1. So residue A:42 clears everything in (1) under 24 Å from residue A:219 (Cβ atoms); (2) at the interface with another protein chain (Cβ under 8 Å from one of its Cβ atoms); (3) touching a Ser or Thr at 6+ places or on another chain (Cβ under 7 Å) except one condition, right? Which one?
2. Looking only at the range A:372-422, which residues are more than 14 Å from chain B (Cβ to nearest Cβ), under 28 Å from the mean Cα position of the chain (by Cα) and aliphatic (A, V, I, L, M)?
3. Considering only the range A:243-334, give the strands (runs of 3 or more DSSP E) lying wholly within it that have at least 1 residues that are surrounded by fewer than 16 Cβ atoms within 10 Å (Cβ to Cβ) and of a type in the set (A, V, I, L, M, F, W, C).
4. Before we move on, is residue A:365 in contact (Cβ under 8 Å) with a residue 60 or more places away in the chain, of a type in the set (Phe, Trp, Tyr) and surrounded by fewer than 23 Cβ atoms within 10 Å (Cβ to Cβ)?
5. For residue B:158, all conditions in the list (1) more than 7 Å from chain A (Cβ to nearest Cβ); (2) modelled with pLDDT of 90 or more; (3) over 14 Å from residue A:294 (Cβ atoms); (4) not in a loop (DSSP other than H, G, I, E, B) hold save one; what is the number of the exception?
6. Going by the structure shown, is residue B:76 of a type in the set (Lys, Arg), modelled with pLDDT of 85 or more and assigned to a helix (DSSP H, G or I)?
7. With (1) more than 14 Å from every other protein chain (Cβ to nearest Cβ); (2) within 18 Å of residue B:154 (Cα to Cα); (3) crowded, with 22+ Cβ neighbours inside 10 Å; (4) among the hydrophobic types (A, V, I, L, M, F, W, C) as the list, and residue A:85 as the residue in question, which single condition is left unmet?
8. I need the full set of residues from the range A:47-82 which are among the hydroxyl-bearing types (Ser, Thr, Tyr) and away from chain B (no Cβ under 11 Å), in order please.
Amino acid sequence: MSGRPGGHFAQWLDRRLHLAKFVKKAMNHVFPDHWSFMLGEVALYSFIILVITGTFLAMFYNSSSAQVTYHGSYRALDGVKMSAAYESVMHLSFDVPAGLLIRQMHHWAALIFIAAILVHLARIFFTAAYRRPREINWLIGVTLLLFAFGNGFFGYSIAGDLLSGAGLRVAYAILLSVPVVGPWLTFLFLGGTVPASVTLPRFYSFHIFLVPAVISILLAFHLGIIWRQFHTNYPGPRRTDETIVGSRLWPSYAAKSLGLCFFVFALVAMLGGLVQIDPIWVYGPYDPIASTPGAQPDWYFGWIEGAMRLFPGINLHLGPYLIPEVFFPAVLLPALVFAALYVYPFVEEFICFDREYHNVLRLPYQQPINTSIGCGFFVFLAVLFVAGGDDVIAVATGGSVVTIRLILRLLVFVAPPVAAVLIYMLCARARRRHTASHPPAPPEDVVVQEETTDSSNEEVRTHCDWKEKCDW
Amino acid sequence: MPRFVLVEERLKSRHFDQEITVRRVCGYLSFKLSLHATSVRSILRVLLLVPFASGFGFGHDAEAGPPPNGQAIFLRNCAKCHGEKGEGISAVVTIAGPNLQAEHDTGSAMTAMETGPSHMPSFVYVLSVPEMRAAADYVVNQLAVISLTGGDPSEGGTLFRVYCATCHQTSARGGALAFTGINAPALTGKSAAIIAGAVRSGPGPMPAFPPSILTDKQLNSIVDYVEVIQQPPSPGGSPLNWYGPVAEGFAAWVSVFALVVITGWIERGGKG
């Protein structure tokens, strides 16, 4: 009999499910020690916050677009006609206890979720962790980003305020700009001209059922695959493509991860309580004849918004078909960006004739071409991102939006190559200095140590041989 | 006729009374400079004029004789920019004054004459206090034809989002107008009188909204709503200066960088 608390229960469970072997293996699973391996977890915990807060919000939200008259606590909208959807969000914000707090936490968690995914993606990219055998996880990760984008937009749209309506109108224009199939696409996703009576109910079921389910399933695969494949290692002593050096899941890594979880929850709760986000009562209910400057999407669509602002008004006529200007920045550009993300590992593998399994990461300066391509790409998106807020910059600085736009139009061509060349030179210099100070050592004998059952907190190494099988 | 000529004649006709000579000259200089550069004016006002202004109270300046004629003073000093009926001048030039027909407060009219808000010069060294009061009384009693009562803020909100928010933003914090490079100003800190006057006269590039478009009641509703939205409730915490999703995205990225720093802190075992 185990003297540990819960020992009886554990034995009861083990007799029925035979978990002991698996749990022992799992608790000894080795995670490498580096802060950058926890960035993806920030996104994971944000997603958990989104599910929890979203469940609360769904209890009060009504996706109907039926017209109702508001008589709630916010007096400046008293007697105003609005959609039932907007009314339910107003009720949630002003009359449900903690409703506004939970709504703001949900929105902040969404912004942080996608930002954390991007930071995680940048870490993977700049350390070349996407290489064989981890291409599948790269593909799943990019797909997760895509679905996170989509769900962010659905959530932004269903509040029924003026900004939501403006966003829907832009989405309508973007879908409509797709040659040939545009009208069918708008009918499929939006139910026709926005805001159709089916638009919000459709978005709502996408937002709370379909997309979260897809994200959850992909997330399970994402984590399952990284569990099976083990993490990568940063270059260092005794780290090879066949070994992994780090600390065990229990107790060391679990404690770190749980601590991070608390930090993410605390930060989101703090933002939700102290910093106002999306004040829909100021924007007012959606009214087709009203509009407002300073109408931005949430930040993750800022680059598409900026591309639309910078792109010149060029309509392309191809025979009987018209390709309107919106198509290029808002459909073609995102399609190319995601296509580039999807194929990047395979292109690199093809160009470099690299068929090896990689477990040791490359540091950014060790792969100057990758790093400079990534930085140029990042600067390009950053310029577009700034352009998405050019009117806010003009108002805040008192400048002219025409001048700002002109400067950004120049920068979008000039800045990315300059940044890429600059970064390449810096990387090349760092690599030269490194080789000068570290002459190549003779290859040392790698002693592969089988993992032990000792669950102490000391550094351990695990054998993980890709060429054979990876047993858990 | 340029404005400063009027002042010059005034100064000559007073024979440079001993008691007020210094102040008149300084005032004349500041007034003339004010026509050229706002910055020069403000620097001079601080460096040169404030000591004089504080040394000589207005009370000494009370002159005997008939009460000043408010209409004459208004026509000589104010009508050039504000129009003869106080209807305002709407033009894309620097000398353009807002409509004064909703000004029902003598005190705020006198304050404007003393302090010279925005592009307007200060009249402290040009008009005596009784003269200012006479001009203000004339504005309030004879020119203020727009009544500012009986508005409904929630109706005004709907109208504001349709007529005003298109340029001034739903939060009334101003907006940049594409293709023109002009920024619609923020409406914060603007009095009800200024807002009502601006709606009616349409200063600068702003269109005018005469009673045929917005009735007096609708105008008052809009003015009431603007007073709400100048200080809108922010039950959710800091409104981030009402910059909207741009500021929210910025805050989200600051938070994510904070979390990145925290992962490093956790990895070091909570040290350093």
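1. The failed condition is (3).
2. A:373, A:379, A:383, A:411, A:412, A:414, A:415, A:418, A:419, A:420, A:421, A:422
3. Values: elements: A:243-248, A:316-318, A:321-323.
Correct list: A:316-318, A:321-323.
4. Numbers: in contact (Cβ under 8 Å) with a residue 60 or more places away in the chain: yes; of a type in the set (Phe, Trp, Tyr): yes; surrounded by fewer than 23 Cβ atoms within 10 Å (Cβ to Cβ): yes.
So residue A:365 fits the description; yes.
5. Against the list (1) more than 7 Å from chain A (Cβ to nearest Cβ); (2) modelled with pLDDT of 90 or more; (3) over 14 Å from residue A:294 (Cβ atoms); (4) not in a loop (DSSP other than H, G, I, E, B), residue B:158 comes up short only on (1).
6. Numbers: of a type in the set (Lys, Arg): yes; modelled with pLDDT of 85 or more: yes; assigned to a helix (DSSP H, G or I): yes.
Judged against the criteria, residue B:76 is a match.
7. (2)
8. Filtering the range A:47-82 for residues among the hydroxyl-bearing types (Ser, Thr, Tyr) gives A:53, A:55, A:61, A:63-65, A:69-70, A:73-74.
Answer for the range A:47-82, where residues must be among the hydroxyl-bearing types (Ser, Thr, Tyr) and away from chain B (no Cβ under 11 Å): A:53, A:55, A:61, A:63, A:64, A:65.
The values are calculated or read from the model by the stated rules, or taken from the named source; none is laboratory data. Since we're looking at a predicted model, the values are computed, not measured. Positions of Cβ are generated from backbone atoms using ideal geometry, with glycine treated the same way; all protein chains shown enter the neighbour counts.
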